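Report on the following structure.
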């Protein structure tokens, strides 16, 4: 078996590189990972600020928001649109898929870098340009896109409909560039995992994190085409005066919805799976036990991925599609609870008879499961057409998808971040600040979003800038819930100060990390912290799967993948 | 469950079914949710690291071990199918059938108002005594109301919380549907789909009243469509 090393690395390892080549235009997967991660986290601050504006406006409509000012209806539409867009496309995707995937895939499979390091660098810089375009769109005449993150035409089609012109064009451009960037990244992930595994590593020796990143990349690859087509048609409608979505000229607005959600629902799993992957790595290490049913989790992930392609119309039960389509799509939708249930129950079963320690990564991993469970089960309410008639486009749905996305995006990412921080930066994080960060995030997340389930049941529909305009939402009861959600959101944002403080403190004064501070099995822990450019001086020889913890007959309770028996 | 206490008071013939289904689903998933959280918390407390106690080696490579996960998930599959089997007839009644109409109205969503066209005293649409009203609709209680829903400019969504009814209004399509208001009162009809600057403000008031009161309202408004048409210039229809 031969394992060719990319030519660029023979050269790059030979001599010291300039500042620009090391930190900015780097082809090193670890640097690119950090670039993606910190760009994503910076955008999370922007998305978080927009969430703050939304919550302040809803709790006390009309009163100027400190730090922002009065929120007009047009601005409110732009704020909710950009909050969703940023959190999904510019936070979840870069930190989970590009950030963790880039850092971990080569290290975990014992490779020196990605299969295509230059393509990898190009991917980040295209993403960077898309970020700049998106941020610029806030400041152009007419303001940023204001048609919701789903940007349905005809609202997004003609400037006269939404009051926004250039902002929408920039939005489409930014999203299209971003997807081009992730396509390059995704192809890289898949090729790397298939071709560049260290000697001895079979597919079923790969850590679940690698499986999940690859599965997410494949799902993204297959689903993104229709969306890009949809976006191009929209761009043509806007700029070249075509009529793909214009019923007056034979077009159909529902076409866009199908193209959008054919991508949009698989996208949920593109985000969720890397989060599951991080949890799957962390639970065994902090329970000192093999993950429960490794192959079962792999197969249920594949089933999830396949099912995710035949559920999209559950976003459109009341959108004007033929009502006879609803029940078939409902069945496929709620069937996803089976493979997802298998994965979650396998995670819980991993804890059974373990030897559990509750350090920060483990707390966030357990928190991810605990919170996601509620997001998962409320998916049934939305996935059943008859109940969706009532809760569609209400805050019940808003609560549901925040309960699904916040654990998979933030809890899982924070778990991963605290867990791999010693490997990324060569220093340990502060445990006290980490625990504070966890409990603050966990408590305030629930305070914020549980209230939204109740507001949704009361009839609070989405994207309205002033709930007091509606009789059902003018009650003291509804006002109290609005304030609880707002105070929760303020607390949730404040809790992130603990993360920023921890980051600064640990990067400057953190205790130096040894190679394997958590006594873990996977290959990334066999190299220095942080690993040098090129990762492995000699490629490891893989002898076993990644989860041999507390194996009988050994004094140590872990057994690295490459350790001689 | 107490779920109903959060919902606006039901006011249509099928609202009870929707509420019942919401409760039914909440009970089923609620029990699963609490069981899963309970086991999770129990394991974390029970299996905290203790000196001298080593974790068990349970990789669960065999079906026998995996059964601890697969059997509950098979049960989930069963519950999924039961939920959809129970829900499908409710959806079918609300959205896939059209009971004979006692009143027929045309609803058009536009930026940012709901426009209604009703038959005048002659009971037929597209005649000289047609009624056209904006953001204000009267309906007789207990009558089966059929609607033809469309949108003029962008997508809107017809949403009456008390009726438990929502339906997007799409430009270029006419979507038929029905509901039967069962309680006299004043209701709000909102737009549930973001539709531009005035999305929040897009709201009609719907008065459900006795047959007599409704008929006197119809007489009062009869022919208003003509007036509107003249004001707006020649109409193609």
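Computed from the coordinates by the stated procedures, all read-outs in this text should not be read as laboratory data. All figures in this text were calculated on a predicted structure; none of them were measured in a lab. Cβ: placed from backbone, ideal geometry, glycine included. Neighbour counts: every protein chain shown.
Values computed for the structure shown
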{"quantity": "Distance between modelled label sites at residue A:543 and residue B:97, nm, 7 Å Cα→Cβ extension", "calculated": "7.0"}
{"quantity": "Candidates B:139, B:197, B:118: whichever shows maximal mean-square fluctuation once chain B is modelled as a Gaussian network with Cα springs under 10 Å", "calculated": "B:197"}
{"quantity": "Cα-based helix-to-principal-axis angle, A:476-509 vs chain A, degrees rounded to 10", "calculated": "30"}
{"quantity": "Residue A:60 versus residue B:77: modelled label distance in nm, points set 7 Å from Cα along the beta carbon direction", "calculated": "5.5"}
{"quantity": "Whether region B:103-232 is rounded, prolate or oblate, judged on the alpha carbon gyration tensor where a/c under 1.5 counts as rounded", "calculated": "oblate"}
{"quantity": "Cut-off 20 Å, label 7 Å out along Cα→Cβ of residue A:306, residues of region A:333-347 by amide N", "calculated": "A:333-344"}
{"quantity": "Top of B:104, B:200, B:182 by mean-square fluctuation, Gaussian network on chain B, Cα under 10 Å", "calculated": "B:200"}
{"quantity": "Separation between Cα centres of region A:181-259 and region A:537-565, rounded to whole Å", "calculated": "36"}
{"quantity": "Gyration tensor over alpha-carbon atoms, region A:412-472, equivalent ellipsoid semi-axes in Å", "calculated": "39, 12, 9"}
{"quantity": "Model label zone, residue A:125; criterion: amide N under 11 Å from point 7 Å along Cα-to-beta-carbon; scope region A:76-119", "calculated": "A:118-119"}
{"quantity": "Ellipsoid semi-axes in whole angstrom, largest first, where each is sqrt(5λ) of the Cα gyration tensor of region A:37-146", "calculated": "35, 15, 8"}
{"quantity": "Mean separation of Cα contacts under 8 Å (6+ apart) over length of region B:103-232, as relative contact order %", "calculated": "31"}
{"quantity": "Residue-span extension gain [residue A:295 to residue A:18] - 0.36 nm each, minus C-alpha spacing", "calculated": "95.3 nm"}
{"quantity": "Centroid-to-centroid separation of region B:112-179 and region A:111-128 [C-alpha atoms, Å]", "calculated": "55"}
{"quantity": "Crossing angle, helix A:337-351 versus chain A [Cα axis fit, 0-90 degrees, rounded to tens]", "calculated": "40"}
{"quantity": "Alpha carbon centroid spacing (whole Å) that separates region A:415-464 from region B:1-52", "calculated": "22"}
{"quantity": "Label-to-label distance, nm, for residues given as residue B:85 and residue B:20 (7 Å Cα→Cβ offset)", "calculated": "1.7"}
{"quantity": "Cα-based shape type of region B:1-62, given that a ≥ b ≥ c are square roots of the gyration tensor eigenvalues and the cut on a/c is 1.5", "calculated": "prolate"}
{"quantity": "Pair-distance profile P(r), taking every C-alpha pair of region A:28-526, with 10 angstrom steps and integer %", "calculated": "4, 19, 31, 29, 14, 4, 0"}
{"quantity": "Relative frequency of Cα-Cα separations exceeding 16 Å in region B:1-107, percent", "calculated": "75"}
{"quantity": "Acute angle (nearest 10 degrees) that the helix A:29-59 long axis makes with the longest principal axis of chain A, alpha-carbon atoms", "calculated": "30"}
{"quantity": "Value of [θ]222 nm, deg cm²/dmol, for the protein assembly as shown, DSSP H segments ≥ 4, -39500 (n - 2.57) each, nearest 500", "calculated": "-18000 deg cm²/dmol"}
{"quantity": "Cβ-derived FRET efficiency at R0 45 Å, residue A:443 paired with residue B:211, nearest 0.05", "calculated": "0.25"}
